[in-house]
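Scroll down for the structure; my scribbles are underneath it.
The values are calculated or read from the model by the stated rules, or taken from the named source; none is laboratory data. Keep in mind it's a predicted model, so treat the numbers as computed, not measured. Ideal geometry is used to build each Cβ from the backbone, glycine not excepted, and the neighbour counts take in all protein chains shown.
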Amino acid sequence: MGSIFTAAPPQSGPGYSFKQTPTTVPEGTRQHGFYPYTDNGGSTLGITGADFAILAGDTRSTSGYNINTRFAPKLFKVGGADSRIVLSVVGFAADGLALKERLDTIVKMYRYQHGKPMSVAACAQRLSHILYQKRFFPYYVTAILGGLDEEGKGALYSYDPVGSYEREQCRAAGAAASLIMPFLDNQVNYKNQYVLGSGEGHALQARERELLPRKDVEELVQDAFSSAVERHIEVGDGLQMFIITKDGIEEIYKPLKLD
Amino acid sequence: MNHLPQAWGRPRDDVYGPYNNSYLQTSGPSQHTQSPIVTGTSVLAIKFKDGVVIAADNLASYGSLARFTDVKRLLRFNSRAVIGFGGDVSDMQYLTRLLSSLEINENYSVTSSTELAANNLHTYLHKVMYKRRSDFNPLWNQILIAGLDVADNPYLASVDLLGTTFSSPTLATGFGAHLAVPIMRRVCPDEEAAKELTQEQAVETVRECMKVLFYRDARSLDKYSIAVVTKEGVDLKHGEKLEKQSWAFAEGIRGYGTQVN
């Protein structure tokens, strides 16, 4: 019995008395137990034509192997009801939403202050600045911005998480970007396509690039996504497409496989 | 006898020595939650044609210890929104305090005549959670918001400690995301199915899922809260017991039933 009820607590670890509670920081660097990012999967894609731009994204949201929901849009109209600019974000969904809200208010404020809608080029540069402002705690998203430029041609700008951007003909982003992009290189920019019977070896003549009609582009987008769904588990459920023309933004939703 | 009232009922200095205040000073750096301590497990919710059902059990665990067995993890916000909390219980209690001050402000304000709808509440909680994660000081919860939106349609959405949000006709947090979601999605795969679902079917499905969770989630309890939100208001019941449990399945599982080796 006596051995059980010896009075003093062990002196090595934290004891019963508050006096022994450590009041200083332990030695060495402290580890953060909290990682502020996650990947919500999904993929986006944008292609431009002569007088239109198409942005597309699947609607699945994941965390790990779980499907959070089958409908979480990644495409957003930016700048109010009569807007001609669409932003797509993929990566960490909460940052994507925060980024969209910031760009949206900025484009709206521009309109109120200047009495005219913001051009895509200006909006694209502003988006780059917003991303770079958070260079050391980035928005963990890959953004694609689409619209029509001042000549009415389809315009597409793609970004990295810290704001590097360029105007392109087509771009895939997100989980299945590495699956979709090579397909686009071949089918939109005619990479590795040559004119039949134009020569041997290096004398082969590359197939001339051309702007694709809207119907072809829509089919390419569909094919790109239905293929990505087959090979990537984070892509699926639904395909949302925004087609930006001078008449407005048309929205198309098509179901994808749920598996 | 000490005649100073502030000393009455306190340890006597001549017996125990003067009170040492030194540890009350926060001399160290301010600390942020790096991991949850006392935790609640799954919250389940499912939409039906004229409302939402939401449920959570009454256990708060301290690691593997079933520490508090009568904890209410469903919060009735107003007559059109109920909030279910998974994750850290102290952060839940902080949010409860925050939300009650929000509600008081709303009720005293002259400008708004209507109650906050579930989707407004979801936006508010999203902003709170995202701000806290951006400050590297997260509120360690996953939250479901169930109720009616501004247009009186059933509304169900989720927010977590990272500020991630999503909405779906069926949602579950924690273990429920693995075990209950597949069962609920069979009953209600999409929004169209939710519009056909009756209240009885929805409640029955949620109760069945709570049972499955009790069978397999070691940090769960057979006592739970369940709430139904419709236009008629909130029907929130605490301390419901799981009924018609059958452990017959355990016989066939090695290591689960009575057999050894």
Residue match in segment B:154-165 (condition: on the phi > 0 side of the Ramachandran plot, surrounded by fewer than 16 Cβ atoms within 10 Å (Cβ to Cβ) and modelled with pLDDT of 95 or more): no
Residue match in segment A:92-103 (condition: away from chain B (no Cβ under 14 Å), at pLDDT 95 or above and at negative phi): yes
Enumeration of residues in segment A:219-259 that are over 11 Å from A:Asp58 (Cβ atoms), in contact with an Asp or Glu (Cβ under 7 Å, 6 or more places away or on another chain) and crowded, with 20+ Cβ neighbours inside 10 Å: A:Phe242, A:Ile243
Subset of segment B:146-187 [closer than 19 Å to B:Lys49 by Cβ and part of a strand (DSSP E or B)]: B:Ala146, B:Gly147, B:Leu148, B:Pro154, B:Tyr155, B:Leu156, B:Ala157, B:Ser167, B:Thr170, B:Leu171
Considering residues of segment B:238-255 that are more than 22 Å from the chain's Cα centre (by Cα) and of a type in the set (Lys, Arg) only, the residue farthest from B:Val228 (Cα to Cα): B:Arg254
Qualifying residue in segment B:226-233 (condition: crowded, with 22+ Cβ neighbours inside 10 Å and over 30 Å from B:Pro138 (Cβ atoms)): yes
Test result for B:Val82, in a strand (DSSP E or B) and modelled with pLDDT of 85 or more: yes
Residues of segment A:157-210 satisfying the condition of being of a type in the set (A, V, I, L, M, F, W, C) and touching a Ser or Thr at 6+ places or on another chain (Cβ under 8 Å): A:Cys170, A:Ala172, A:Ala173, A:Ala175, A:Ala176, A:Ala177, A:Leu179, A:Ile180, A:Phe183, A:Leu204
Which numbered condition B:Thr114 fails, given (1) part of a loop (DSSP other than H, G, I, E, B); (2) in contact with a His (Cβ under 9 Å, 6 or more places away or on another chain): (2)
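Return the total of residues in segment B:83-116 being among the aliphatic types (A, V, I, L, M) and over 24 Å from B:Ile37 (Cα atoms).
Keep residues of segment B:83-116 that are among the aliphatic types (A, V, I, L, M), which gives B:83, B:89, B:92, B:95, B:98-99, B:102, B:104, B:110, B:116.
Next cut, over 24 Å from B:Ile37 (Cα atoms) only: B:102, B:104, B:110, B:116.
Counting residues in segment B:83-116 that are among the aliphatic types (A, V, I, L, M) and over 24 Å from B:Ile37 (Cα atoms) gives 4.
Of the residues B:Gly163, B:Gly176, only one is within 30 Å of B:Arg254 (Cβ to Cβ) and within 14 Å of another protein chain (Cβ to nearest Cβ); which? Spell out how you get there, then give the answer.
On the way: B:Gly163 fails: within 30 Å of B:Arg254 (Cβ to Cβ).
Unique residue meeting the criteria: B:Gly176.
Considering each of B:Ser90, B:Ser158 in turn, give the residue that is in contact (Cβ under 8 Å) with a residue 40 or more places away in the chain and closer than 29 Å to B:Arg219 by Cβ. Can you show your working first?
Details: B:Ser158 fails: in contact (Cβ under 8 Å) with a residue 40 or more places away in the chain.
So the residue among B:Ser90, B:Ser158 that is in contact (Cβ under 8 Å) with a residue 40 or more places away in the chain and closer than 29 Å to B:Arg219 by Cβ is B:Ser90.
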Residue list for segment B:123-143, restricted to those being within 12 Å of chain A (Cβ to nearest Cβ) and either buried (at least 24 other Cβ atoms within 10 Å of the Cβ) or touching a strand residue (DSSP E or B) at 6+ places or on another chain (Cβ under 6 Å) (or both): B:His126, B:Met129, B:Pro138, B:Leu139, B:Trp140, B:Gln142
Unique residue being closer than 20 Å to A:Ile243 by Cβ and surrounded by 14 or more Cβ atoms within 10 Å (Cβ to Cβ) when the list is A:Leu131, A:Leu184: A:Leu184
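Would you check which residues across segment B:122-142 are part of a strand (DSSP E or B) and farther than 20 Å from B:His32 by Cα and list them? I'd like the intermediate steps shown before the answer.
Step one: filter segment B:122-142 for residues part of a strand (DSSP E or B), giving B:141-142.
Listed by number, the list is empty, since nothing qualifies.
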